[in-house]
Each structure stands twice: as C-alpha cells, then as structure tokens.
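Everything on this sheet refers to the single structure shown next.
The values are calculated or read from the model by the stated rules, or taken from the named source; none is laboratory data. Keep in mind the model is a prediction, meaning the values are calculated, not measured. Note that each Cβ is placed from the backbone with ideal geometry, even for glycine, and that neighbours are counted across all protein chains shown. Accessible surface areas use protein heavy atoms only, side chains included; no ligands, DNA or RNA. Shrake-Rupley method; radii C 1.70, N 1.55, O 1.52, S 1.80 Å.
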Amino acid sequence: MDGTTLLSDYAPYPFTLDTVALTFRLAPRATRVQARLSLTPQAPGTALHLDGEDLRLIGAAIDGTPLTPADYLLTETGLTIHPAALPEGSFTLETEVEIAPEGNTALEGLYMSNGMYCTQCEAEGFRKITFYPDRPDVMAPFHVRIEGDFPVLLSNGNPVAQGPGWAEWDDPWPKPAYLFALVAGDLVATSGSFTTASGREVALNIWVRPGDQDRCDFALGALQRSMAWDERAYGREYDLDIFNIVAVDDFNMGAMENKGLNIFNSKLVLASPETATDTDYERIEAVIAHEYFHNWTGNRITCRDWFQLCLKEGLTVFRDQSFTADMRAGAVKRIEDVAALRARQFREDQGPLAHPPRPDHYREINNFYTPTVYEKGAEVVGMLKTLVGDAGYRAALDLYFDRHDGQACTIEDWIKVFEDSSGRDLGQFKRWYTDAGTPRLSVTEDFSDGTYTLEFTQETKPTPGQPEKPARHIPIAVGLLSPNGDEVLPTTVLEMTEATQRFTFPGLASRPVPSILRGFSAPVVLDRATTPAEQAFLLAHDTDPFNRWEAGRTLARQTLMAMTQGAAPQAEYLDAVGRLIADEGAEPAFRALCLRLPGEDEIAQALHEAGQIPDPQAIHAARGRLMDALATRHGAALAAIYEAMAVPGPYAPDAAPAGQRALRLAALHLLGRTDGGERAQALFARADNMTETMGALAVLVAAGQATEALAQFRARWADNRLVMDKWFMTQAALCPPEEAAELAQQLAADPLFDWKNPNRFRALLGGFAANHAGFHRADGAGYRFFADWLIRLDPLNPQTAARMSTAFETWARYDAGRQALIRAELARIAAQPGLSRDLSEMTARLLG
Ligand code: TRP
Ligand code: ZN
C-alpha cells in the first residue's frame, strides 16, 4: 500500500547468492558495470527479482545464454526474470549496465566529488550501481575489478592484483551490498600499521586529495587507538590485511563503514590545530572509532532488514561513546552525550516525527537515520548493561559474536542473547525498542521512623500511531546523601516495572537528600518537586558527577523558564555558579559544562513540556539577561579564570588542555557581555588555534561586533572548504536574531555558498535553524527562506533536503500564528510537483 514497507511483511529472499564478481569501466557519463552473480533457487518456480534504479540495461545472460525481452520485466525499480527463464539448480546471471556518476547529485550510488569517483550504498544505493538483491540479509563474498585511469583504485577486502589503469580486490567476508565501496582518484595516503593481538599485521591508510595530507595524522592515530580498544574492551580483532579510509568533500552524512574501505566526510578526517577545533578533534576520534567498530557490529553481524537498523547503530554508538569515555574524561563525555540526547532525541520524541528505535513501517529508510535510532538506541544498550552488570554485559556480547557471526540479525536475536546469558526475562524491557516516546518519571518521597520511601510513577504520552503506552522496565540508579553531605547510600539500581512503584530504605538516622537517575541511567524526563536550595546542595555535594551537573542544569533551566515570564535571575543559581567557579578541585572541562547555559531550543522544549507556549524572543532575551547577571555578579572570578586557563606551549588536542580551553572560552562567553568585546577582539587577533579563534569569533558575532573579524577570517580561509563552513555556520547560528533572516539571505548570495555541497548547505541552513529566535521570527520570514531552500535542494539531493526538514519538527510547541505559518510552508513544500519520496514522507509526517 502507498509505497510503505512494513516490518510484518518480511520474507526471506528466495535465492541464495553464492558469489559476486563485478567489473567497473569508469567514465564520467557512461560507466559500464558488469555483474556476475552465482545464485541458487531456494523455492523452485519463483521469479528472480533484482532491484535497480537509473540503470541502462546493456545486456543480461543466464549461464552464458543471452536473455530476450520476453524473459524478463524491466521497470523503474528493477528487473524481474520470469521463472520459466531460470534453471532449476544453481546458475550464473551476468548483467551489464551503464550509469552516469557525473550527473549523480544525490550522492547515493556511484558519484563524483572533485574529480574522484566514490560510492555511498547504505541504505539502498547499490541498486543505482547494478541490478542486485539490494537487501541486507543477502550476503556474499565479492570480487571487484576496476578499470580507470587513476593512480589509486580501491574497493573492499584485500588487493589481489593490479596494473596500470586497473586493480582487482577480493573481499572474502560475505557482506550485504550496502557495505560495497569503490574509490578511484588522484589520492595520497598517510600510512601506518597495526599488529593485532594474534600477530596479524594490518596496513592502514588515510587517503585524501593532494594538499590535505598534512591533516591526517590525528585520524590515523585515532584508528590505531580504536583497533587496540576493541581488542581490549570487546575481544574483537580486525580481519583483513588492509584498512583504508578515504576522505571526500561531498558526502550526505558523517561517514560510512564499508568493509575494509571506510568513506568519510572530509570534515571528520582532516584536522590541524589551525583549522580544527577541540570539538572537531573529539568528533573525528569518535567517528573513526564508530566506523571501525562497525566491522564487528554491523558488518560481521549485520541487520536482517532496515527495521533493525538500531541493532548496528545503537550498539555501535554505545561502543564509540564508551571508547571516548575511556580515552578522555568519562564523566564529561556522559554529560555531553546526555545534553545532545535531550537536544536532539527528546526533541524528536516530543513532536510529530516520534518513532521507536525499531520502527515498524517506513516509506524511505533514509529518513530513519535519526537520533532515536542512533542515540536512543545507544541508551537502550546502556540500560541493558546496567541491568546485567559489566561482567554480564561482556558475557552477553561474547555470546552475540559467537552465536551470530556471519548472520543478518534482528532485535529479537539481540535480546535473546542477553536473556540466555543472564537468565533474565527481558520481555518487558523490549518495549524500549518497540515503543516511541520519552517516559516521564515523577517522584514523591516520605520519611518516617527512620525509613525513607521513594514512590515513582511513569507515564508516556501517546505518539503517532501508538496511543497506548504500557509501563516499561526502567533502571533507576539512586544514591542518598545525609544533610551534612555524606553519602549514606552509594549508587544502587532500582528496577521499576510497574506504572507506580515504591522503594524503601530503612535504618536512616535522618531524612536524606536523594540523588536520582545517577549517570542518567534511563532516557526519561525526571519530574521532581525540589527546592532551589536542594539543587544547590546536590551541585555542591553529589558524588555522582552527572547528577552534580544535572542539579546545576535544573537550576539554570528553572530560572530561565521563570525569567521568560519576567522574573529576576534566581539568587540560589547565581550563588551556586559562584561556588562552582571557585571549586578548583573540579575538572576544568566539568566546570566549563556547568557554566554553559541550556540552549534556547532546550528552554522552548522545557516550556512546552510544562504546558506553556514558548516565546522565542522572550527566551532569547531571558538567556541574555541571565548571562549579564552572571557576568556582573562574578566578573572578577571569571576574569581570573580567563587568565588562569590560558594554555601555554604548543596546541595539543588532548582532553586536559581542551578542558582548560573550554573553561576559558566559557568564561569569555560571559565576560563578553560586559567587557565591550575587548577580550574577544584581543584573543581573535592573537589566537594560533581554531578553537580559540572560533570561541572569540562566536562572542563577537553574538555581540554584533564581528564585521572586521569576519572579513579577516574570510580573507585568510577562503580556499579551505571546511574552515569556511564554520564561517557560514557561526554567523547564521549566533548573529542577533533580528538580523538573522536578512543575514542568511545575504550569505546565500555569497559566491562561496556552494549549496550543492551538503556541508556548506548544512552550515548555512542548519546554522540558521539553530538561531532559535531568528528562525522563529513572528512574521514567518525565517520559515519561508528555509522552505525555499529545501524546495531548491530536493530535486538534486533529496536525502539531505529531507534530513534538514526536521528544523520544522517543533511546530506544535509554538503559538497559533507560528503554527499556521510553519504548516503553510510544509504544505507548500508538499505540493511541489515531483517532490522526492524522501521529502514527501517527511512533510506528511510533519503535518501529522
Ligand atoms: N552507517 C553510517 C554510520 O555509521 C551512516 C551513513 C553514512 C548513512 N552515510 C549514509 C546512512 C548515507 C544513510 C545514507 O553511521
Ligand atoms: Zn553507524
């Protein structure tokens, strides 16, 4: 029905695919692809259906005999060979097609970026390369021959032969087509090696365009650290002789885990102190790890169908988060991850795009590479680990690899592994995978006769298509503090399984202060009536760093919510920040996080959650007033921090100096409210690293004092695509909101606004949408500008256009006027003739 794919319609492919041999003859407008598939029918009399899109069929033969048009049906979506044309036993199908990588602006399938050929096949891009059963449960070993006049010709697996203008690759590990990759170009490598625990020597290469090779060392080191960590933490070794990473400038997403040949958005590979920020370095390390970890969680064990996407993505995000926590400061990493989860996934769950980590229907699978599948998927894995413990988790994962290596699996297989290894029943827990929405957990407490009681109630609001929300199995980590700040109950995991449930703690001398949901043990909204004094107490005394931060965050959120109604900044919050600034025992990175105020979108989310209608301009003003109050009240202490946190010596991207820079810039951010931008101007003038340059520039842009700095920046970096993305993004995101729409329009007319490049498009449009009060201008000018660009991008790159349309997912929060304006823009997009399946699914879901 209506092009919707249903989980319940799953059926195995009626053929096995035994081997695949591909030959590519590269040419920009007429690449020839020959495919030789060895197939064995599993159900005699069944037609052979192969997916294929935008392919010109040159010829097809079975066991060497050419097919005639009467033998098959060729449509827009594939090739179906009639049963009568098929042998009863195993046979070989050969096809030849012609494709045009040069005109491929969707960046899916085989395409060109800066004169090089590259591929992106996940999720369903391989069908734009050749006729094939393009589904993840069809796995086969691949042999690939590439013919093309390039110095570097790469594919998956190990190199087996090469000569001038050709190369052959062999990938012995059966894989689904979405993991296929090919790269051809004039590339240079930064090379290294890794010796695995069992003594296998692996050649490592980071391939980039000539001129970029001086920015690859960090990525190579990150790869080596990832390989060592996966051996240590999961017992997983690499399984080929070579591991290649290629950086490309035109890429729809972050990076892709193709077997033995990862392809990356260049912004997640290239880094030097002058061009990349501390945040960029941390992300590069995390994404290199993420794609590497997919070799086991995704490639060796893959997904049965695309509904199971979070099987590989949620687990692999959980693994990369754990890796970063080990490489850097674990508590800081957890806080960053939770802040990002709330900003993106809670936002998604609150609106019309809410869906479970494992959806049960879709029209376009590319629309389900979401924060819910990735980040909430990772939270669900983290909860499983909390429930079974560290050793139980390792046992479950050992069983998973042991039992399912080489298979295409489901969430049911995954849960069964935990049940079998732990002996626990996880039937109720499974709802985290199948049910959408963020549970709201409310708490009441009681203390009498030395017994303290916590009573929890869970409630999840209906989400699209899911009116009923049965109770979930929620791990709630709690600790209790005595009034003098000592911990009287160390972290204990309570397991909530009922809608309402009570837990008692006997034998206490006095009424304790509870620290609930330590480490953010479950992705829920905690609703607890507390006093500002108690939050300040937790901020000062909690032994759980996450909950310390959380206490400060709650105070900040509450005062900001009240300030949007005209209240003055809350004294307890201002005092608490003062104590935190003075706390030299706390890590700089932690203090920096505590100084960072909730973003405007997060405040809007909180107001909506509390049943109020957010006013974007009032939120922006309140946040500014709170920064003013902090800067005025703590000016001297912040100035002292700004000086003390200057990092001497040459730049290093390590966690410790990065934490100092973060604290220094957090102080600068506040000081810039009252010092007339003096410090930011001075820092901008002498910074020798991009972290401080961008930190200073952000302050100047927000203050409307950046004209000169922006001109200097542009003159210096006009030739560097990645750096210029920052120039576009910062201005659009941080300029005063009343100027944002006009500025964005002006930037869109800049000759450097190459809108067909997804990074550049995201920098400007994504930056603008992040300018909360600017995007949500009451007259709708922001919405119109944004919708115009989605309409323009959609025919060229539907995947990126659809992804960007999530800027509108929050429409239901706002007043009737804004709602009507956004809905009108969505309706205008939906009415475009020839709208892509990607964007039309999004507008339909957004409009509800
Ligand atoms: N599997 C990739 C990842 O790790 C995601 C991805 C990269 C992707 N490129 C894509 C998904 C294009 C869909 C389309 O996380
Ligand atoms: Zn992934």
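Report the per residue volume, in Å³, of the convex hull enclosing the C-alpha atoms of the stretch 1-186. Before the final figure, lay out the partial values.
On the way: hull volume 23.0 nm³, N = 186.
Output value, Cα hull per residue: 124 Å³.
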Dipole moment magnitude, nearest 20 debye, the stretch 489-568 about Cα centre, only Lys, Arg, Asp, Glu C-beta charged: 140 debye
In order through the stretch 589-606: 3J(HN,Hα) via Karplus (6.51 cos²θ - 1.76 cosθ + 1.60), integer Hz, x for Gly, Pro: 4, 5, 5, 4, 4, 5, 7, 6, 7, x, x, 5, 5, 5, 5, 4, 4, 5
Under the Karplus curve 6.51 cos²θ - 1.76 cosθ + 1.60, θ = phi - 60°, whole-Hz ³J(HN,Hα) for the stretch 149-166, x wherever Gly or Pro sits: 8, 9, x, 10, 10, 10, 8, 6, x, 9, x, 10, 6, 7, x, x, x, 8
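Rg(Cα) of the stretch 666-733 divided by 2.2 N^0.38 Å?
Details: Rg = 11.2 Å, N = 68, 2.2 N^0.38 = 10.9 Å.
So the Cα radius of gyration is 1.02 times the expected 2.2 N^0.38 Å.
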Over the chain, relative contact order from alpha-carbon pairs under 8 Å, at least 6 apart, %: 8 percent
Between 0 and 90°, nearest 10: helix 278-293 axis offset from the chain longest Cα axis: 40 degrees
Angle in degrees between helix 377-404 and the longest Cα principal axis of the chain, rounded to the nearest 10: 30 degrees
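Of the accessible area of the chain, with the probe set at 1.4 angstrom, what percent is carbon plus sulfur?
52 percent
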Approximate shape of the stretch 703-761 as ellipsoid semi-axes (Cα gyration tensor, √5λ), whole Å, largest first: 18, 15, 9
Solvent-accessible area per residue for the chain (1.4 angstrom probe, square angstrom): 36 Å²
Reachable lysines, given that their alpha-carbon falls under 26 Å from the alpha-carbon of residue 376 and they are not under 8 places away in the same chain: 259, 267, 312, 333, 385, 416, 430, 461, 469
22 Å tail of the calculated P(r), the stretch 188-298, as % of Cα pairs: 24 percent
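Over the stretch 1-186, what relative contact order in percent results from Cα pairs under 8 Å that are six or more residues apart?
Numbers: 446 pairs, mean separation 42.6, N = 186.
Worked out over the stretch 1-186, it gives 23 percent.
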Whole-Hz ³J(HN,Hα) from phi, Karplus 6.51 cos²θ - 1.76 cosθ + 1.60, for the stretch 304-311, glycine and proline x: 5, 8, 6, 5, 8, 3, 5, 4
Aspartates and glutamates with Cα under 19 Å of residue 756, excluding same-chain neighbours fewer than 8 positions away: 102, 108, 249, 250, 719, 725, 788, 794, 838
Percent of C-alpha pairs per 5 Å bin, the stretch 339-432, short to long: 2, 12, 21, 21, 18, 14, 9, 2, 0
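Please report the net charge: other residues with Cβ closer than 15 Å to the Cβ of residue 90, K and R +1, D and E -1. Could you put the intermediate results ahead of the total?
Details: positive: 36; negative: 18, 63, 88, 94.
Net of charged neighbours comes to -3.
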Highest average packing first - 484-493, 586-595, 527-536, Cβ atoms within 10 Å: 586-595, 527-536, 484-493
Lys/Arg +1, Asp/Glu -1 at C-beta; the stretch 188-298 dipole; positive extreme among 245, 189, 227: 227
Calculated over the chain: convex hull of Cα atoms, volume per residue (Å³): 164 Å³
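Using only alpha carbon pairs under 8 Å that are at least six residues apart, calculate the relative contact order of the stretch 616-722 and give it in whole percent.
On the way: 82 pairs, mean separation 23.2, N = 107.
This gives 22 percent for the stretch 616-722.
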Angle in degrees between helix 571-582 and the longest Cα principal axis of the chain, rounded to the nearest 10: 70 degrees
